[in-house]
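Everything on this sheet refers to the single structure shown next.
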Amino acid sequence: MAFEVMLRELSSGLLVSLEIFFLTLLGALPLGMIVAFGRMSKFKPLQLLVKLYISIMRGTPLMLQLLVVYFGPYYIFGIRLTSSYRFIAVIIGFILNYAAYFAEIYRSGIEAMSKGQYEAADVLGYSKTQTFFKIILPQVIKNILPSITNEVITLVKDTSLAYTIGVAEMFTQAKIISAAQSSMTALIAAGIFYYFMNLVVAYVMGLFEKKLNYFK
Amino acid sequence: MNILELKNIKKSFGDLEVLKDVSLSVRKGEVIAIIGPSGSGKSTLLRCATLLERVDRGEINYLGEAVTECVGDKTVYASKKQLQKIKGYFGLVFQNFNLFPHYTVLKNVIDAPISVQKRKKDDVIKEAAALLEKMGLSGKENNYPHQLSGGQQQRVSIVRALALNPQILFFDEPTSALDPELTGEVLKVIRSLAEENMTMVIVTHEMQFAREVADTVYFMNDGFIVESGTPEEVFDHPKTERMKHFLERYNG
């Protein structure tokens, strides 16, 4: 197999990896906020339920979670799903997992805010919603950005776990090519791709951080 | 009519009784200084008056409008809507300023009048510029709080409170977080407000300042108001042992 052909196949895998990456962020970043509010809820049953959810998501391998989301509907409920469900299962699994991590990052950021900011907003007459979106959230985002960057970098590498249920993302492709060629070239090329993706992630997140440097 | 009336206020945190039975009223244009040792309940009283804490018992009203009422042996707070309205009557200046760090000086001042009071942006900006100038903050409009000195930040927070046109302004130890050389500029600003007959309640450890600026001084100790009167009465002719003791320690 020519080097070019290998790169072309890896690139098609790379597109799938990117799809997983962006769809996961699109789903998990907002869902994480909802989960964080559930976790901080004063309504105990909800709080406990969300705590359990976060604990399971963080306490078991993502690989296992993907398998459960993919095979669960059949083995547990006897529902037969088409093969296109593979990709959907990956996205659901990733979003559920990452939302739990993002939720904890949001929570740490929100709880670290000084009481004085809430009190100042309260005395000035801001509503609860105004206080959160205008006063608290912008400061929380600045403070949690480094932790979010960490998580996003991990996500880039984690997309390779879609391999577990046979979604043809970059790592799956690399493994197939490498086996066919009895050579490590494809794996190393894939490694370089992951590395560069993360360089881009780190660069972009760095720009965001810089942009928020105007206040302390 | 009194701007603020507090009657028989009681407040505990768990087993700790912080306010045991406190009453005071504030006339229009009156400047009140509340002094007393740490832990005497001064700040808690201010926080109850500004609705940051809920009292256990007692009546609070602003301009005759009830914040709390005693019904039988229960103390009931007014509706959320009513409380929201009453919040517009007063402003509070915090010890630690609590400016919004992500807003410029100007935005700190104009945001609440625009997004809470729904006033016209142009009018609010004009008023804010005049207030900032008066407080010696011209040219700082586009700075962020962290670029200012503590004294400047505290003056911005005073302007922020004034921009909502409150009937009464509370100060919770406004100079306690400042370096000694910066307290002067903040006290000067408060003094100028007193000259304009702004109604104010000031919790402070600055005895000399309290004596100069206040019409009435309240001395708090252990959850009670122990002494009150004109500065001369309280500082020069204290009636209680506790007050004499307190003054001796302050005067060295």
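The values are calculated or read from the model by the stated rules, or taken from the named source; none is laboratory data. These figures come from a predicted structure and were not determined experimentally. Reconstructed Cβ throughout: ideal geometry from the backbone, glycine too, with neighbour counts over all protein chains shown.
For the condition of a type in the set (A, V, I, L, M, F, W, C), within 14 Å of another protein chain (Cβ to nearest Cβ), touching a Lys or Arg at 6+ places or on another chain (Cβ under 7 Å) and at negative phi, B:Leu148 qualifies.
Somewhere in the stretch A:18-41, is a residue modelled with pLDDT under 95 and among the basic types (Lys, Arg)? Within the stretch A:18-41 (the criterion being modelled with pLDDT under 95 and among the basic types (Lys, Arg)), the answer is no, since none of the residues qualifies.
Here B:Asn8 meets the list (1) on the phi < 0 side of the Ramachandran plot; (2) in a strand (DSSP E or B) almost entirely, failing just condition (1).
Within the stretch A:93-123, if we keep just the residues that are surrounded by fewer than 17 Cβ atoms within 10 Å (Cβ to Cβ) and of a type in the set (A, V, I, L, M, F, W, C), the residue that is nearest to the other protein chains (Cβ to nearest Cβ) turns out to be A:Met113. When restricted to residues that are touching a residue at least 12 places away in the same chain (Cβ under 8 Å) and assigned to a loop (DSSP other than H, G, I, E, B), the stretch A:159-216 contains 5. Note on the stretch B:120-166: residues that are among the charged types (D, E, K, R), within 24 Å of the chain's Cα centre (by Cα) and surrounded by 15 or more Cβ atoms within 10 Å (Cβ to Cβ) amount to 4. Put simply, of A:Phe71, A:Phe43, A:Phe77 the only residue that is surrounded by fewer than 17 Cβ atoms within 10 Å (Cβ to Cβ), of a type in the set (Phe, Trp, Tyr) and within 23 Å of A:Ile136 (Cα to Cα) is A:Phe43. With respect to being under 21 Å from A:Tyr214 (Cα atoms) and out of contact with any helix residue (DSSP H, G or I) (no Cβ under 6 Å at 6 or more places or on another chain), B:Thr75 falls outside the description. Taken over the stretch B:107-145, the residue count meeting the criterion of being over 23 Å from B:Lys85 (Cα atoms), of a type outside the set (S, T, N, Q) and within 14 Å of another protein chain (Cβ to nearest Cβ) is 2. Pairing residues of the stretch A:78-99 that are farther than 19 Å from A:Gly32 by Cα with residues that are hydroxyl-bearing (Ser, Thr, Tyr), at Cβ distances under 6 Å and at least 6 apart in sequence or on separate chains, gives no pairs at all.
Of the residues contained in the stretch B:17-24, none is found to be surrounded by 17 or more Cβ atoms within 10 Å (Cβ to Cβ), at pLDDT 95 or above and touching an Asp or Glu at 6+ places or on another chain (Cβ under 7 Å).
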